[in-house]
1. Go through (1) buried (at least 20 other Cβ atoms within 10 Å of the Cβ); (2) within 19 Å of the chain's Cα centre (by Cα) one by one and return the number of the condition R145 breaks.
2. Consider Y86 against the criteria (1) at pLDDT 95 or above; (2) buried (at least 17 other Cβ atoms within 10 Å of the Cβ); (3) part of a loop (DSSP other than H, G, I, E, B); (4) not hydrophobic (A, V, I, L, M, F, W, C): it satisfies all of them except one. Which criterion is unmet?
3. With respect to the numbered conditions (1) touching an Asp or Glu at 6+ places or on another chain (Cβ under 8 Å); (2) within 20 Å of L73 (Cβ to Cβ); (3) part of a loop (DSSP other than H, G, I, E, B), which one is the sole condition not fulfilled by C172?
4. Output the residue which, of all residues in region 115-151 that are among the polar types (S, T, N, Q) and out of contact with any helix residue (DSSP H, G or I) (no Cβ under 8 Å at 6 or more places or on another chain), is modelled with the lowest pLDDT.
5. Can you find a residue in region 127-136 that is open to solvent by 50 Å² or more (accessible area, probe 1.4 Å), assigned to a strand (DSSP E or B) and not hydroxyl-bearing (S, T, Y)?
6. For the condition free of Cβ contacts under 8 Å to residues at least 24 places away in the same chain, of a type outside the set (S, T, Y) and open to solvent by 50 Å² or more (accessible area, probe 1.4 Å), what is the one hit in Q161, Q179?
7. How many of the residues making up region 76-111 are within 18 Å of M150 (Cβ to Cβ) and either free of Cβ contacts under 8 Å to residues at least 40 places away in the same chain or under 9 Å from the mean Cα position of the chain (by Cα) (or both)?
8. Please verify whether region 208-228 includes one or more residues that are basic (K, R), modelled with pLDDT under 90 and assigned to a loop (DSSP other than H, G, I, E, B).
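The values are calculated or read from the model by the stated rules, or taken from the named source; none is laboratory data. Note that the structure is predicted; figures quoted are calculated from it, not measured. Positions of Cβ are backbone-derived with ideal geometry, glycine not excepted, and every protein chain shown enters the neighbour counts. These area figures cover heavy atoms from the full protein model, side chains too; ligands, DNA and RNA do not enter into them. Shrake-Rupley method; radii C 1.70, N 1.55, O 1.52, S 1.80 Å.
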Amino acid sequence: MIASERRRYILNALNLRGGMSLKDTARELGVAEITVRRDFEKLESEGKLKRVQGGATSLEELDGAELTMTSKLPMHMHGKEAVAQYAADLVRDGECVFIDGGTTMVPFASAIMRKNVRIITYNTMVLKKLSNPTAQIILIGGEYRPHYEMNVGTIPQDMLQMFYFDKAFFGCSGVDLSQRVAYTTETESLKMKRIAMSNSSPNFLLVDQSKFSSRGFLKFCPTDQFEAILSDSLPDTEEELPENLRSVAQDSPK
């Protein structure tokens, strides 16, 4: 595929998806990541897209400094799916499971929807991606935030307090390995996360490798409060890694 055809494909895909990851785009086009990076750079110089960490987004999808959940969903999808499948193997029939907000929870929910489990979530993206599930799904209601694809507020907080979870699975905006802290970017979801964590044991954090180079402006919780931090790969760093950090490519659920 010549450069003009690749760039036309990228722009058409961005128009449909809102955002694309560098790795996934390279795989779709059958070319090296450096080739896609050059295409992104060329299209950005022409004012046709905006490059972001690990990929690109259409100009229409920009909302201040943060992308919508819809535009983030296709980014790093290969890593998200690997983490989601590993996490799904930890879920047993009969369990009550909490699913947090965020895009990694979409492939995770899809992976467990055929199990005989009860799913509690405030993440509206989960329902949009499910079809004919075996699982019982309880969507926590409240004020709908379309940018984040979730329901929040005092009513859902009170509702969430009612449940006990056999396992809870969380997302985050970034992980600071030097400070051993997970971050988020939205105050209302932070409240929901903390309620769910207090009502569950064990708790798991699901991240793709891009989260190790990102942060948020709100501290979610110390990383040692999770049973495990599940990632598609380990970060390339000389820092000592948390003992509970697992690469799903190198490990398998017990």
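1. It fails just one condition, (1).
2. Only one criterion is unmet by Y86, namely (3).
3. Among (1) touching an Asp or Glu at 6+ places or on another chain (Cβ under 8 Å); (2) within 20 Å of L73 (Cβ to Cβ); (3) part of a loop (DSSP other than H, G, I, E, B), the lone unmet condition for C172 is (1).
4. The qualifying residue modelled with the lowest pLDDT is S131.
5. Keep residues of region 127-136 that are open to solvent by 50 Å² or more (accessible area, probe 1.4 Å), which gives 127-129, 131-134, 136.
In the following step, the residues that additionally are assigned to a strand (DSSP E or B) were identified as 136.
From what's left, not hydroxyl-bearing (S, T, Y): 136.
Within region 127-136, one or more residues are open to solvent by 50 Å² or more (accessible area, probe 1.4 Å), assigned to a strand (DSSP E or B) and not hydroxyl-bearing (S, T, Y).
6. Values: Q161 fails: free of Cβ contacts under 8 Å to residues at least 24 places away in the same chain.
So the residue among Q161, Q179 that is free of Cβ contacts under 8 Å to residues at least 24 places away in the same chain, of a type outside the set (S, T, Y) and open to solvent by 50 Å² or more (accessible area, probe 1.4 Å) is Q179.
7. Summing the residues that are within 18 Å of M150 (Cβ to Cβ) and either free of Cβ contacts under 8 Å to residues at least 40 places away in the same chain or under 9 Å from the mean Cα position of the chain (by Cα) (or both) in region 76-111 gives 10.
8. Of all residues in region 208-228, those basic (K, R) come to 211, 215, 219.
Next cut, modelled with pLDDT under 90 only: 211, 215, 219.
Now restrict to residues that are assigned to a loop (DSSP other than H, G, I, E, B): 215.
Yes, the conditions are met somewhere in region 208-228.
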